Every structure is written in C-alpha cells, then in structure tokens.
C-alpha cells in the first residue's frame with residue numbers, strides 16, 4: 001500500500017472528523033503525481049525528437065547520394081521539415097499541459113487538464129503512426145514506379161541480382177520492413193505513453209471519487 005492509498009483509507013475512515021484536511025492532502029498528492037507524469041511525457045517527447053533529428057545527421061553518405069540520384073533528396077528534406085514542425089507543436093502543447101497542471105488549484109480544473117493531456121498524447125501517437133504509414137506508402141510507390149532507375153542506381157546488376165521480377169521482390173521486401181518498423185513504433189508508443197496515460201487515468205478516477 002503506497003502513501004496515497006494510506007491517505008485515502010485514512011480519509012474514508014475519518015471523513016466525518018477531518019474531511020477538509022484529508023481531501024486537501026489527497027488532492028495535493030494527486031496533483032503532484034499528475035504533474036510528474038505530464039512532465040515525463042514532455043521530456044520523453046523531446047528525447048524522441050532529438051533521436052529522429054540525430055538519425056538525419058548520421059545517415060550514411062551513400063544513402064544521401066542514392067536519394068539525390070533518385071530525385072528524392074528535396075522531397076525528403078521538406079517532409080522532414082514538416083514532420084519536425086508538427087512534432088514541435090506537440091511538444092509545445094505538452095509543455096503547456098504541464099504548466100497548466102502545475103498551477104491548478106481546483107479538482108475540476110485538474111480533471112479537465114488530465115483529459116486534455118490524454119487527448120493531446122493520443123493525437124500525437126495517431127499523427128506519428130499515420131505519418132509513418134503514409135510516408136512508407138508514398139516512398140514504396142515512388143520506388144516501385146521508378147524501379148528501373150533504382151536498379152541502376154543501386155547497381156544490382158553487379159551483385160548478380162536479375163532485373164526480371166526485381167520490382168516485385170523489392171516492393172515486397174520494402175513492405176515487410178515497413179510493417180516491422182511501424183509495429184515497433186506502435187509497440188514503443190503503447191509501452192511508454194500507454195503506461196503514462198494509464199497512470200493519468202487512474203489519477204482522474206481518484207479525483208472523481210473524492211470530488212463526488
């Protein structure tokens with residue numbers, strides 16, 4: 001039994017004696033826990049953004065040259081700028097949620113802030129997964145339609161890979177790799193943000209109990 005559970009038990013057993021004091025103590029603890037969770041959401045989103053940016057800078061030069069030859073460099077650049085811009089907006093929203101919860105002095109307002117945070121995180125996850133799916137489909141379609149150029153750029157002939165049926169084999173392998181990456185991304189969001197949202201939901205339920 002943690003400190004919060006003990007406080008709730010004490011509050012329920014002595015509600016007729018010290019309802020105000022016990023209510024305030026439980027509220028402050030739930031406020032502190034909720035604020036900490038939202039802070040972690042904010043911090044993790046920043047770390048995630050830095051991770052994606054770092055991938056851009058450590059991309060092998062051969063990959064960059066390949067994108068240039070395939071005519072994808074400019075498109076990839078603008079897509080990344082757009083993605084990082086939207087990502088930055090979500091980080092700002094997470095920060096605003098964190099600051100809003102920090103200064104909350106009302107149970108109803110805290111409950112609403114928790115709901116807003118959960119909604120923002122869900123939209124954040126939907127956007128990132130949706131973006132990954134859309135990006136994979138767009139790139140795979142482009143490469144499939146330009147498979148002959150891809151075959152030449154990657155110099156598959158020297159590797160002994162036959163040109164016949166190359167496009168179909170390549171696109172199937174791309175789809176499999178894309179599905180694995182998207183599955184790992186979903187798993188990451190489910191594990192990290194899912195746990196934090198579950199804790200926030202628990203706090204919301206406790207606030208609803210003491211507010212009724």
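The values are calculated or read from the model by the stated rules, or taken from the named source; none is laboratory data. Here the structure is a predicted model, which is why all the values come from computation and not from measurement. Every residue, glycine among them, receives a Cβ derived from its backbone with ideal geometry; neighbour counts consider all protein chains shown.
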Any residue at all in the range 114-137 that's within 25 Å of residue 62 (Cβ to Cβ), out of contact with any strand residue (DSSP E or B) (no Cβ under 9 Å at 6 or more places or on another chain), exposed (fewer than 14 other Cβ atoms within 10 Å of the Cβ) and free of Cβ contacts under 8 Å to residues at least 60 places away in the same chain?
yes
For the condition surrounded by fewer than 11 Cβ atoms within 10 Å (Cβ to Cβ) and under 29 Å from the mean Cα position of the chain (by Cα), what is the one hit in 186, 180, 175, 195?
180
Hey, among 111, 67, which residue is within 21 Å of residue 153 (Cβ to Cβ), in a helix (DSSP H, G or I) and either over 20 Å from the mean Cα position of the chain (by Cα) or at pLDDT 95 or above (or both)?
67
Single match in 33, 28 (criterion: closer than 13 Å to residue 207 by Cα, loosely packed, with under 14 Cβ neighbours inside 10 Å, at pLDDT 70 or above and under 30 Å from the mean Cα position of the chain (by Cα))
28
Going through the range 70-105 one residue at a time, which ones are under 30 Å from residue 30 (Cα atoms) and within 16 Å of the chain's Cα centre (by Cα)?
87, 88, 89, 90, 91, 92, 93, 94, 95, 97
Here are 143, 200, 150: which of them is within 29 Å of residue 121 (Cβ to Cβ) and either without any contact (Cβ under 8 Å) to a residue 12 or more places away in the chain or assigned to a helix (DSSP H, G or I) (or both)?
200
Look at the range 176-201 and say how many of its residues are in contact with a helix residue (DSSP H, G or I) (Cβ under 9 Å, 6 or more places away or on another chain) and closer than 28 Å to residue 24 by Cβ.
5
Condition test on residue 161, is it in a helix (DSSP H, G or I) and either at pLDDT below 85 or surrounded by fewer than 16 Cβ atoms within 10 Å (Cβ to Cβ) (or both)?
no
Give the range 94-108 a look and list any residue that's touching a helix residue (DSSP H, G or I) at 6+ places or on another chain (Cβ under 6 Å), in a helix (DSSP H, G or I) and either in contact (Cβ under 8 Å) with a residue 40 or more places away in the chain or closer than 30 Å to residue 180 by Cα (or both), or say none.
94, 95, 97, 98, 101, 102, 107
